[in-house]
Amino acid sequence: MFEQFIGTKPVEERHRIDVQRLEQFLGFKVPTIEQFKGGQSNPTYQLNAGGKSYVLRRKPPGKLLPSAHAIDREYRVIRALAGSAVPVARTHCLCLDETVIGTPFYLMDFVDGRIFWDPLLPAMAPQERRAIYAEMNRVIAALHRVDFAAIGLADYGRPGNYLARQIDRWSRQYQASATESIAAMDKLIEWLPRHIPAGERTSLVHGDFRLDNMIFARDEPRVLAVLDWELSTLGDALADFAYHLMTWRLAPDEFRGLRGCDLAALGIPDEDEYVAMYLRDNPTLERPGAQAWDFYMAYNMFRMAAILQGVLSRALAGNASSEQALEAGRRARPLAELAWKQVERSRAQGARDA
């Protein structure tokens, strides 16, 4: 089922690299280069040279949305987190000169390990699944405790009003990439700014923290590297964690979710336990009320729908990085509709409680 995301493939013609120019820039020969299958945003390649393997991530070619595909920001945050409690790959260089391979790129070490695409972890025993989820929880809690100013990221984003700015940003991104009218998105764009919970706490946030954006050691439940920092910034820790929690609110056929599964039998913590684990590691954070959680979930589903609409737009334009982009992009509408249903349930509950 997930074979289309796993491993590498020959470099697609539209993402081809001038290897000679790349070698001149790097200062060493690159005998082999292949493209990773997974990912919808930035084309990513495996380079093998001199007995070592590297990963190159580049901005995609073609017309792009403003502020999207921020390769330089990705490189900066990974470099800043080196040696912290948040595991990342070792970086080597950033190239903003588009004359080298056509778009900006950066180079980092290839990290050999396991990437899990299915949150049900079907090949594992219950205790193994629980250990994987506990480690994932530990890492996101560690990320939100990072002293971002101490590692040189005090100016990595604007503190305060994160949710208002994000809603505005993704509303504009969605509208710029819309290929058809989605009524649920229009309703969310109107409703979300008026219902932002109070009490944001500024942290370094990943923006796309999920199971398949981590590399685990092959012989133990330990994260070796967190990947795909394109959406990272300074923002609200609980909003970032709630994005991660969407896995519990979505069904397996909606977006690789857990809703409706027998989590106890699988050994996977349920949502309440998983939240409690996170808050134990972040004692300065308070658990939001039910309506605030509902807002965070609706916001994150809206945000993901906007991202998927961008994927769909790039796929239709022919410059998406993945062969599965068209299929992924078509999930924007059902995800937006799920977000609006979340709002309607929250409103109904609020009316009952009044």
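Here is a list: Met108, Met124, Met136. Which entry is under 27 Å from Gln46 (Cβ atoms) and part of a helix (DSSP H, G or I)?
Result of the check over Met108, Met124, Met136: Met136.
Kindly check whether there is at least one residue in the stretch 212-229 that is closer than 15 Å to Asn300 by Cβ and touching a His at 6+ places or on another chain (Cβ under 7 Å).
no
Name the single residue that is surrounded by the most Cβ atoms within 10 Å (Cβ to Cβ) among those in the stretch 15-39 being part of a loop (DSSP other than H, G, I, E, B) and among the β-branched types (Val, Ile, Thr).
So, considering only residues that are part of a loop (DSSP other than H, G, I, E, B) and among the β-branched types (Val, Ile, Thr), the one surrounded by the most Cβ atoms within 10 Å (Cβ to Cβ) is Ile17.
For residues that are touching a residue at least 12 places away in the same chain (Cβ under 8 Å) and outside any helix (DSSP H, G or I), scanning just the stretch 139-148, find the one that is nearest to Gly7 (Cα to Cα).
Val146
Right, Leu143: in contact with a His (Cβ under 7 Å, 6 or more places away or on another chain) and either under 18 Å from Asp228 (Cβ atoms) or surrounded by fewer than 17 Cβ atoms within 10 Å (Cβ to Cβ) (or both) or not?
yes
Of the numbered conditions (1) within 30 Å of Leu188 (Cα to Cα); (2) touching a Ser or Thr at 6+ places or on another chain (Cβ under 6 Å); (3) not acidic (Asp, Glu), Phe110 satisfies every one except a single condition; which is it?
The one condition Phe110 does not meet is (1).
When residues of the stretch 240-273 are filtered for being of a type in the set (A, V, I, L, M), touching a residue at least 24 places away in the same chain (Cβ under 8 Å) and buried (at least 17 other Cβ atoms within 10 Å of the Cβ), how many remain?
So the count comes out to 7.
Being within 26 Å of Gly113 (Cα to Cα) and assigned by TED's automatic domain parsing to the domain that holds Glu344 is the requirement here; does Gly207 meet it?
When the stated conditions are applied, Gly207 passes them.
Does Arg129 meet the test of being in a helix (DSSP H, G or I) and either in contact with a Gly (Cβ under 6 Å, 6 or more places away or on another chain) or of a type in the set (Asp, Glu) (or both)?
Yes; evaluated as a whole, the condition is true for this residue.
Please specify each residue of the stretch 167-196 satisfying the condition of being hydrophobic (A, V, I, L, M, F, W, C) and within 12 Å of Met304 (Cα to Cα).
Ile167, Trp170, Met185
The values are calculated or read from the model by the stated rules, or taken from the named source; none is laboratory data. Predicted model only: the values in this text are computed from it and were never measured. FYI the Cβ positions are ideal-geometry reconstructions off the backbone, even for glycines, and counts take in every protein chain you see.
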